[in-house]
1. Expressed as a whole number of Å, what is the distance separating the alpha-carbon centroids of the range 50-97 and the range 146-165?
2. May I ask you to derive the relative contact order of the range 3-86, considering only C-alpha pairs under 8 Å and at least 6 residues apart, and to give it as an integer percent?
3. Place +1 on the Cβ of every Lys and Arg and -1 on the Cβ of every Asp and Glu in the range 87-127, take the dipole about the Cα centre, and give the residue among T99, W88, A123 whose Cα lies farthest towards its positive end.
4. Taking a quarter of the surface of the convex hull around the Cα atoms of the range 91-233, what do you get in nm²?
5. What are the ³J(HN,Hα) values, in whole Hz, obtained from phi via the Karplus relation 6.51 cos²θ - 1.76 cosθ + 1.60 with θ = phi - 60°, for each residue of the range 51-56 in sequence order, with x given for Gly and Pro?
6. When you count, for each residue, the other Cβ atoms within 10 Å and take the mean per peptide, how do 56-64, 207-215 rank with the highest first?
7. Charges at C-beta only: +1 for Lys and Arg, -1 for Asp and Glu. How large is the resulting dipole of the chain about its Cα centre, in Debye rounded to 20?
8. Of all DSSP beta bridges located in the chain, what percent are antiparallel, nearest 5?
Amino acid sequence: MTETLYLPDNEYEKTFDAEVRQSEGRYVVLDRTLFYKEGGGQPADKGTLKWENGRPKVTDVQKEHGQIRHYVERAPSEGTNVRGEIDWERRYSHMRMHTAQHVISKVALDLYGAETEGNQIHADRSRIDFGMKLTDQKVRELEQRTNEIIDKDLKVEKSQMERGTAEDETPEGRGLFNLIPDSVDPLRMVRIEGFDLCPCGGTHVDATGELKGLDIVGTENKGSEVDRIEFKLD
């Protein structure tokens, strides 16, 4: 099993050393990694693997058949010691966007009782689907309240928590514990100081002030009771 070095709270590290445990031409499996695998609405990290005779790009990272597979332009042989380097600009953009998604999702829940039905994060823009109908006034309120939370520069803590404790402490509408297999225990939790707590394996910043500011740039109807917002960050 690959050790995930960014968990629970090591998202700011950019390089790491590892050994190739399996090499299959298109992809390699490492004994440890900082690369985020695609999941939870967040794209995979990209970057490079370096060793004595090569420096191929890591083009994708996926968890398949229980393995974290790093897809590369050219695979080193099994047993090779490599240095991985994250595309930091891409990683940090995703960290900011994912934390922003947590903030605005909790704001929607607090203001309107609207749960998040889905989300997709990108480096430049992201989207969230809410279980409610949006009006111009609601959009303005969502944006204003989210920016108030950002301006407070609240601490964002990431930690492992025993599942029973997590289920007890997580606000109603923020857990989706029914979608997490019972075997996952403890859970990686993301807490925004005095504001939010929810399970999440994604990468996040350490304080809401790093988001600087959020603009809702579009809305779209996705069904009878679901509307989508699209947002970007300063």
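Each reported figure results from applying straightforward, stated rules to the coordinates on display, with no laboratory input. Please read all numbers here as calculations on a predicted model, not as lab measurements. Cβ placement follows ideal geometry from the backbone for every residue including glycine, while neighbour counts extend to all protein chains displayed.
1. 28
2. Relative CO of the range 3-86 lands at 36 percent.
3. After comparing all options, I get W88.
4. 8.0
5. Each residue of the range 51-56 in turn: 8, 4, 10, x, 8, x Hz.
6. By packing density, highest mean first, the sequence is 207-215, 56-64.
7. Charge dipole of the chain: 720 debye, to the nearest 20.
8. Once the DSSP bridges in the chain are tallied, antiparallel ones form about 95 percent.
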